[in-house]
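The values are calculated or read from the model by the stated rules, or taken from the named source; none is laboratory data. Source: prediction; values computed, not measured. Note: ideal-geometry Cβ built from the backbone for every residue, glycine included; neighbour counts use all protein chains shown. For the accessible areas, the whole protein counts, side chains as well, though only heavy atoms, and no ligand, DNA or RNA atoms are used. Shrake-Rupley method; radii C 1.70, N 1.55, O 1.52, S 1.80 Å.
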Amino acid sequence: MRNLTPVLLLTLAKMIGAPPIQAQVRPDIFSFSGGPGGQREQLFNLMIQYIDADVVKTHCDMTMGMITGYHIHSDWDFLPFHRTYLEGMEDFLIAQGHPEFVPLPSWNPKIHAPDEFEHGGPNLDGIDPDCGSPCTAGGPTSACDIPMNWDPQNDRADYPALNRPGLCDWNMEPSFPDPSNMGNCCPNGLSRKIETPYHDNTHVWMGDPDNNQFTPNGVMSYFRSPAAPIFWIWHAYVDDIWKEWEEYCPDVALPPVDLYMKDTPKVVESERDRGEEPNIDTDPMWLSEDIWVHNQINDGGADQEHQNPDHHTEGGTNFVYVRVRNRGYEASAPGVPLRLYWAKAATALAWPSFWNGSITDPALMGEEIQAGHVLPSIPAGGSHIEVFEWNAPNPADYNAVGTNPIFWANEPWHFCLLARIETETTAPFGMTFPETADLNGNVNQNNNIIWKNISVIDIAGMAGGGGGWADDKLVGASVLTGDAWGHGGRFNLVFKNPDHYKGNPVTAEAEVRVTLDQPLWEAWQASGGQMENMSISREDRHQLIVTGSPAKLRNIYYPAGKRWLAHVSFNFLAKQLSGQPLFDFDFIQTDESERAVGGERYHVIVPGKEGFYADAGPDKNVSPNTAVNLSAYTVDEAAIYNWYDPQGELIYTGKDMTVSPEITSKYKLEVIAESDGVKDYDEVEVKVKEHEVTNIAPNPATGNTIITYRLTNATSAYLILTMPYSGVNNQYILNVANDQVQLNVNDLPPGTYSLILVVDGIPSDVDQITIL
C-alpha cells in the first residue's frame, strides 16, 4: 500500500467504506517520552520560554479584527494564520537545537491532555505567567488563574465532514483575500467546517472546569489561550486536518515535497507569505527573515537577529544562516543544492549579472558565497538551517563609486543577499515560473528564492562614524539606485514608513535626511526636481529632509546602465524620544507605473538614553547693527553646536557666536550629540529696537541733561521720569521730528530714576539716570 498514490487511496476508501486514516505529518505528542526529565516535559519547558506577552498579544489583539481589521478567525484567515503562528514556535525550537520537535507534535482532544502540559510551568497549572498581560480581546485576567478541563473528550469522528471522504467535499473558501468577504463568508468552506463547531467546542470545553458547558471561564475559552502550551499542540492537530486535506484531496495542487523559504515575515496580516506561487503578499520581496547574518560568532542560528556583515582583516568570518522549510507532506530527499549570493546593496538589481561575479567595474559587485552546499532530508512540515561562512569585501574597494566621502566612510554601504534552492526537476533550476532579469518578479513568483536587503542602523554602534563634515553627524547607510537592466528609463525614489507598521513610525521621532551623490542630484534636477513630502535642507550638500510619508523624488531619468548612490540617515530628536527601541523605514525604487523594482529597508536600533535640551539662551534687545554675543548652554556630552540664520543657512559652528543684525532676527541653534547623532533645536530672537533712548549726557546729572533718542515712523512720543516711593512721575512730550530733548532736573530729589520712552502709547525702551 505504500506505493499507492493518495488519490488512489482516497478512491479505494470511498469504494469500500474504509475508516479514515489521518495524515501523520505531525507526530503524536504521546510518541515522545513522558515523566520527569522526559521529552514531553522538555518540550513544555521550551514552549514556556517562547511564550511571552508579545506572543499572547499577537493572537488576542488580532482576534476578529479587534484592532487592525484582520480577522484571524475568519474563513480566510483561520487556517493559514494558525499555521504561520505555529511556525514561529517551530522556528524557535529549531534555533534552540531541537529539530526533533519540528514539526510541532499534535494532541487529539479526545484523549486526556499529557500530564506535563496540565501541571507544568512556574505555577504548576500548565499556563505561562504572561497570560495576564493586557490585550484587547483577552477576556478577564482572572481566567489565567482558573483550572481548566484537561479532558474535553472532543472527537473529530463526531463530525463526518472532518473525516475522509467527507473532508474532500469542502474547498478553501474564499480563495483569495478580499476585503468584501473577510469575515465568515463561506459556511460550506473547509475553514468553517474545521472551526465550527469542532475547533470552537474544544476551546469552550477546555475552558469549562466544571464540564457543564454553560459557564466557560478557563484561559482556553478566551483569546489569551496561547498562554497555555496545550493550545499549541492542540492547534497542531487542527493544522494536521488541513494538511490531510492537502495530501489526500485530489483538487489540491500541493506536491508531496515542497521546499520553500519565506519572503516576508508577517504572521497576522491576511496577505501573508504561505508559500504560494506567486506570493500573495504585496509587501516588498527583499525582507526575508529566513536569511540572516552574524558577523562574528556561529551560534547555529539560535539568535536570529540580523547583523550587518563585516570585512574581517585579521581572521574571522561572517556566518550567514538560511532557513529552508518543507510545506509538503513527505520528507524531502537529501542532496538538494542550496546556493547563496551577495551583491552590493542597491534598489535596482537584475538577475543574474549582479550576483554571479560578472560585474567587476569599479570593483566586484557580487558573487556566489561558499558554493557546494546541499540540504539534508527535511521532514514534512519541518525546517532546516544551513550555515554559510563569508568574509565580506573590503569597503575600501568601493571608494571610487561615490563623489562624496559620506558614501564610503565607516562602511555605511552594505550588502544584499539572495538564497536559492536550485534543482533541475522542472523549469530551469526547479523554478515554477521561468526567471527573467526582473529579480523582484522572480522572488515574488517562486518560493525557492529569498532576498534580503536590510541595513541595520545601530545608533549607538555607529559612534565615531557617519557624516562627511565637521558640522554634521549622519547616521545611516548608502544604497545604489538606477537602471540595472541596461535600457535606461525614468524611476521614482520613495521613502516611507512600512505598510502594516506597528509602533511609533521613525518619522515621528527622528529627522530623516536623504543625501544624493552629485550625479544623482544633477539627474533629479535635470528631470524637473519633482518631489513630494520633502524639502531641500542643504542644496550645497545635495541633501533633503523627509517631511511626510510617503516622500518621493519623482521622474528621475537614468541613462542605460547608470546607477548612483543615495544615503538615508536618522537623527533622533531628543525631545521626541519615546523609549521605543526599534524602527523600520523603507527606501523603494519604482518604475513609471509605480511598480516596485527593488528597495532597501533600514532597521534602526535606538539606545535607551536620557534626552538633552538645546538652549540658545535668552532673547536679546539691541540697537541696529550692534554686535551681540549668542551663547549656547553646554549639554552633558560631546556635541556639535550649529547656528543657522533666519533663512536657514548654517552660519557658524561652535558654542558662542556674535551677530550684528540690522533688523529683528531669529537664530536657530542645533545641538548634535557626537555619540549617536541625537539632536535638539532651540531658537533665540535678537530684537532690534525700533525706538530707543540712545544717550543721556551728562549722567549723573545735577541741573540739565540732554536725552538723545531714535524714533522710527512714530506719530507721538514722550518720556516718563519716575522713581519708586519718591512721588516723582514727570512726563515730557517729544518732538517726533527731532532726536534729542533737554531736561531740567535741578528741582528733583537726588536718586536713581527710570527713564521710559513711550511711542504711540506703547512703552518701547527704558534707561536709567542718576540725579545728584
Output yes when any residue across the range 59-66 is open to solvent by less than 10 Å² (accessible area, probe 1.4 Å), in a helix (DSSP H, G or I) and of a type in the set (S, T, N, Q), and no when none is.
yes
For the range 621-641, enumerate the residues that are touching a residue at least 60 places away in the same chain (Cβ under 8 Å) and open to solvent by 60 Å² or more (accessible area, probe 1.4 Å).
Asn621
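Yes or no, residue by residue, for (1) without any contact (Cβ under 8 Å) to a residue 40 or more places away in the chain; (2) open to solvent by 60 Å² or more (accessible area, probe 1.4 Å); (3) over 18 Å from Gln589 (Cβ atoms); (4) not small (Gly, Ala, Ser):
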| residue | (1), (2), (3), (4) |
| --- | --- |
| Asp483 | no, no, no, yes |
| Arg490 | no, yes, no, yes |
| Phe495 | no, no, no, yes |
| His500 | no, yes, yes, yes |
| Met531 | yes, yes, no, yes |
Do we have any residue at all in the range 171-178 that's modelled with pLDDT under 80 and among the charged types (D, E, K, R)?
yes
Just give me the residues in the range 307-322 being within 27 Å of Asn440 (Cα to Cα) and either assigned to a loop (DSSP other than H, G, I, E, B) or open to solvent by less than 10 Å² (accessible area, probe 1.4 Å) (or both), in sequence order.
Gln307, Asn308, Pro309, Asp310, Asn318, Val320, Tyr321, Val322
The residue that is nearest to Ser569 (Cα to Cα), considering only those in the range 513-529 that are without any contact (Cβ under 8 Å) to a residue 24 or more places away in the chain and open to solvent by less than 40 Å² (accessible area, probe 1.4 Å), is Trp521
Under 8 Å by Cβ, and 6 or more places apart or on different chains, what pairs join a residue from the range 38-63 that is under 20 Å from Pro80 (Cα atoms) with one that is of a type in the set (Ser, Thr, Tyr) and part of a helix (DSSP H, G or I)?
Thr58/Tyr85; His59/Tyr85; His59/Ser225
Take Glu683 and decide whether it is open to solvent by 30 Å² or more (accessible area, probe 1.4 Å), in contact (Cβ under 8 Å) with a residue 12 or more places away in the chain, of a type outside the set (Gly, Ala, Ser) and closer than 30 Å to Ala632 by Cβ.
yes
For Gly207, the lone unmet condition from (1) within 22 Å of Phe117 (Cβ to Cβ); (2) crowded, with 23+ Cβ neighbours inside 10 Å; (3) at pLDDT 90 or above is (3)
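So which of Ile556, Ile545, Ile588, Ile536 is assigned to a strand (DSSP E or B) and either open to solvent by 50 Å² or more (accessible area, probe 1.4 Å) or of a type in the set (Asp, Glu) (or both)?
Ile536
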Pair list, Cβ < 6 Å and 6+ apart or interchain, from the range 254-283 residues that are touching a residue at least 12 places away in the same chain (Cβ under 8 Å) to residues that are of a type in the set (D, E, K, R) and outside any loop (DSSP other than H, G, I, E, B):
Leu254/Glu246; Tyr260/Arg325
Pick out the one residue from Arg595, Arg601 that is open to solvent by 60 Å² or more (accessible area, probe 1.4 Å), under 30 Å from the mean Cα position of the chain (by Cα) and within 30 Å of Ile450 (Cα to Cα).
Arg595
Yes/no for Ile48 being of a type in the set (Val, Ile, Thr), over 20 Å from Arg274 (Cα atoms) and under 28 Å from the mean Cα position of the chain (by Cα)
yes
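Could you check the range 334-414 for strands (runs of 3 or more DSSP E) lying wholly inside it with 1 or more residues that are open to solvent by less than 30 Å² (accessible area, probe 1.4 Å) and at pLDDT below 90?
Qualifying strands (runs of 3 or more DSSP E): none found.
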